[in-house]
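What follows is a single structure, written as structure tokens, with notes after it.
The values are calculated or read from the model by the stated rules, or taken from the named source; none is laboratory data. A quick note: this is a predicted structure, and the numbers were derived from the prediction, not measured. Here the Cβ positions follow ideal geometry from the backbone for every residue, glycine too, while neighbour counts run over all protein chains shown. With ligands, DNA and RNA removed, areas are computed over all heavy atoms of the protein, side chains included. Shrake-Rupley method; radii C 1.70, N 1.55, O 1.52, S 1.80 Å.
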Amino acid sequence: MLTGISVAFMGGDARQLEVIQKFTELDASVTLFGFDNLGRQFSSVSNAKLDPVLLQTIDVLILPAVGTDDSGQVESIFSSEELRLTDAHISSLPKHAKVYTGMAKSYLKNLCAAHGIGVVELFDRDDVAIYNSIPTAEGALMMAIQNTDITIHGSVCMVLGFGRTGFTMAKTLQGLGATVKVGVRKPEHFARAWEMGFQPFYTKDLYPEVGNIDLLFNTIPTMIVTAQVITNIPHRALIIDLASKPGGTDFRFAERRGVKAMLAPGLPGIVAPKTAGRIMANTLSQLIEEDFRDRSDVE
């Protein structure tokens, strides 16, 4: 239970609604900032304008999947007003407070560090990333089906990266009958991919490996699908880049060469917000409950 814990939600999308519902069920005291256009009503929840004074009694501040941009802007699909997290807001939080978000950019990290406020990034956690890889893979498949004239079954697919998302993506494609080539950097990943029946190769050999593919799914957040690589990709192929912005593909050159390339970060919140929200809700409630229990033990 979260009885006696004051939680503020600032901005977000449909995923946050699942988190808010969970927190009200666990008896937290909940305040919403940036939800003025929300049609749905929650019992025992306060809607308020963002004000540093109101943050003085907050134990937990929950931000969207991408906490803020590089200037402090916080996205909210439930508000027509601009939301910006400033130094005044963070300095108003009690010293024991923590900020929870999916991923934190330098702006948010620096702001919190300046005032000794802890930041917890959920997407750094293996469990959250693995759970989220499922709607990510399903969303990527949806995009592939909508933007090609072939079936996944019998196609030649390439997955770059064999981390949490790459692993699930490759396994899903294999289950649908695709030939799956997996680009890796580590020998242990090569061995595991081979053991699972994929066709592994090292990413340093990417250029010759792309010559016969139908679909390419990238999960590596650095420039890997370069202009040079794209010159060897068949025109029929589709690139779906699942890495965080700006992705790992030279989109300008792909367009110039006539190879369709799509950047698709944040798919869980787009294709399965209820599931993605429940993943966040369960993890957040567990983390916060443990944190406050540990602190009360110390006190």
Note to self: Going through 165, 136 one at a time, which residue ends up being touching a helix residue (DSSP H, G or I) at 6+ places or on another chain (Cβ under 9 Å), part of a helix (DSSP H, G or I), of a type in the set (Ser, Thr, Tyr) and closer than 25 Å to residue 10 by Cα?
What the structure shows: 136
Check: Which residue pairs have Cβ atoms closer than 9 Å, lie 6 or more positions apart in sequence or on different chains, and pair a first residue in the range 44-59 that is among the basic types (Lys, Arg) with a second residue that is surrounded by fewer than 19 Cβ atoms within 10 Å (Cβ to Cβ)?
Finding: 49/36; 49/81
Next item on the list: Could you please let me know if residue 59 is of a type in the set (D, E, K, R) and open to solvent by less than 70 Å² (accessible area, probe 1.4 Å)?
Entry: yes
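Would you mind finding the one in 204, 181 that is at pLDDT 95 or above, open to solvent by less than 30 Å² (accessible area, probe 1.4 Å), at negative phi and not in a loop (DSSP other than H, G, I, E, B)? Lay out the reasoning, then the answer.
Numbers: 204 fails: open to solvent by less than 30 Å² (accessible area, probe 1.4 Å).
Result of the check over 204, 181: 181.
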Note to self: Exactly one of these conditions fails for residue 100: (1) touching a His at 6+ places or on another chain (Cβ under 7 Å); (2) crowded, with 21+ Cβ neighbours inside 10 Å. Give me its number.
What the structure shows: (1)
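Among the listed residues 178, 170, which satisfies the condition of being within 26 Å of residue 129 (Cα to Cα) and in contact with a His (Cβ under 8 Å, 6 or more places away or on another chain)? Step through it out loud before you land on a result.
Numbers: 170 fails: in contact with a His (Cβ under 8 Å, 6 or more places away or on another chain).
Only one candidate qualifies: 178.
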Notebook entry, point to check: Is it the case that some residue within the range 31-43 is open to solvent by less than 20 Å² (accessible area, probe 1.4 Å), in contact with a Ser or Thr (Cβ under 8 Å, 6 or more places away or on another chain) and part of a helix (DSSP H, G or I)?
Noted result: no
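May I ask you to say which residue of 145, 90, 150, 130 is surrounded by fewer than 21 Cβ atoms within 10 Å (Cβ to Cβ), touching a helix residue (DSSP H, G or I) at 6+ places or on another chain (Cβ under 7 Å) and of a type outside the set (Phe, Trp, Tyr)? Walk me through how you get there before you give the answer.
Numbers: 145 fails: touching a helix residue (DSSP H, G or I) at 6+ places or on another chain (Cβ under 7 Å); 90 fails: surrounded by fewer than 21 Cβ atoms within 10 Å (Cβ to Cβ); 150 fails: touching a helix residue (DSSP H, G or I) at 6+ places or on another chain (Cβ under 7 Å).
Result: 130 is the single residue among 145, 90, 150, 130 that is surrounded by fewer than 21 Cβ atoms within 10 Å (Cβ to Cβ), touching a helix residue (DSSP H, G or I) at 6+ places or on another chain (Cβ under 7 Å) and of a type outside the set (Phe, Trp, Tyr).
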Item checked: Where a residue in the range 72-101 is at positive phi and its partner, wherever it lies, is open to solvent by 30 Å² or more (accessible area, probe 1.4 Å), with Cβ under 8 Å and at least six apart -> 72/84; 72/86; 72/107
